[in-house]
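Let me begin by handing over the structure; questions about it come next.
The values are calculated or read from the model by the stated rules, or taken from the named source; none is laboratory data. Nothing here was measured: the structure is a model prediction, and the numbers come from that model. Glycine also receives a Cβ, built like all others from the backbone with ideal geometry; neighbour counts cover every protein chain displayed. SASA here: full protein model, heavy atoms, side chains in, ligands and nucleic acids out. Shrake-Rupley method; radii C 1.70, N 1.55, O 1.52, S 1.80 Å.
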Amino acid sequence: MKLPVVLISLAVAVPSLLALPPEEFKTGAGVLRITPIQHGSLTIEAGGQVIEVDPAVSGFAAAPDFSKVPKADIVLITDIHEDHLDKTSLAKVRKPGTTVIIPGAASGDVKDGVVMKNGETKKLGVWTIEAIPMYNMKRGPGPGQFFHDKGRGNGYIVTYGGLRIYLAGDTEGTPEMRALKNIDVAFVPMILPYTMSPEEAADAVKAFHPKVVYPYHYGESDLKVFESGLKGSGIDVRIRNWY
């Protein structure tokens, strides 16, 4: 999602790196920790290794200082838009030997990136990574156009110790999302006009029924609407301040 410059007005009220505590999950291989950073950026840590997801500046708040996050063994990039792919922030989280997983459309910006196509699976050390389609079905900048074309970007399922984490990226509630199975933790966007409304996001989440869901990449969306839409579903909705 490409963000308008006017949204930077919130910057003065937000610290340079959100100090949110890590969320802990028990797995068959030990504890896994997930730390929200901002917008669509987060850190996953387990087994002595680190995954950084979409290290980038959102435009909604002051830029996070990515030099202060753990250096990555793996970086997952979901899309080519600047709030997901920021070469300056990416450089700050890399170290010698970091593997950067990208969709093919990002090859021009990340010359040494490892391309994954929708539907592919890779085993990287203790992690299994699946590339999931993320795209618009009805929203775009003009007739016959989409903000996110099918096949251009990747959502990801990250598996560690049997725990399955779904990182949706920029997407509407696609058939592929709704058909997902056995998702333990999901991160789902809701921001108009680029992805989904909170009502649409709740409906899609009910379809694949993760155990835990975090709304992320939500900007100024009304999260109470999302939470209300999942009331009584048995899904643990966790609202955190990503901005």
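Suppose we keep only residues that are touching a Phe, Trp or Tyr at 6+ places or on another chain (Cβ under 6 Å) and open to solvent by less than 20 Å² (accessible area, probe 1.4 Å) within the range 181-197. Which one would you say is nearest to Gln38 (Cα to Cα)?
Phe187
Same structure again: When you scan the range 87-105, how many residues do you find that are touching a Lys or Arg at 6+ places or on another chain (Cβ under 8 Å) and over 21 Å from Ala179 (Cβ atoms)?
8
Please indicate, with yes or no, whether at least one residue in the range 120-140 is among the aliphatic types (A, V, I, L, M), touching a residue at least 60 places away in the same chain (Cβ under 8 Å) and under 30 Å from Asp203 (Cα atoms).
no
Further question on the same structure: Might you check whether a residue that is open to solvent by less than 10 Å² (accessible area, probe 1.4 Å) and farther than 25 Å from Ile44 by Cβ occurs anywhere in the range 150-166?
no
Oh, and also: Within the range 167-180, is there a residue that is more than 24 Å from Ala46 (Cβ to Cβ), part of a loop (DSSP other than H, G, I, E, B) and open to solvent by 10 Å² or more (accessible area, probe 1.4 Å)?
Yes, that holds for at least one residue.
Condition first: in contact (Cβ under 8 Å) with a residue 60 or more places away in the chain, touching a strand residue (DSSP E or B) at 6+ places or on another chain (Cβ under 6 Å) and in a strand (DSSP E or B). Can you find one or more residues in the range 77-92 that meet it?
For the range 77-92, residues in contact (Cβ under 8 Å) with a residue 60 or more places away in the chain, touching a strand residue (DSSP E or B) at 6+ places or on another chain (Cβ under 6 Å) and in a strand (DSSP E or B): absent.
Still on this model: Going by the structure shown, is Pro215 in contact with a strand residue (DSSP E or B) (Cβ under 9 Å, 6 or more places away or on another chain), open to solvent by less than 10 Å² (accessible area, probe 1.4 Å) and not hydroxyl-bearing (Ser, Thr, Tyr)?
For Pro215, the condition - in contact with a strand residue (DSSP E or B) (Cβ under 9 Å, 6 or more places away or on another chain), open to solvent by less than 10 Å² (accessible area, probe 1.4 Å) and not hydroxyl-bearing (Ser, Thr, Tyr) - is met.
I'd like the residue in the range 106-129 that is part of a loop (DSSP other than H, G, I, E, B) and closer than 22 Å to Met177 by Cα and, out of all such residues, is least open to solvent (accessible area, probe 1.4 Å).
It comes out as Met116.
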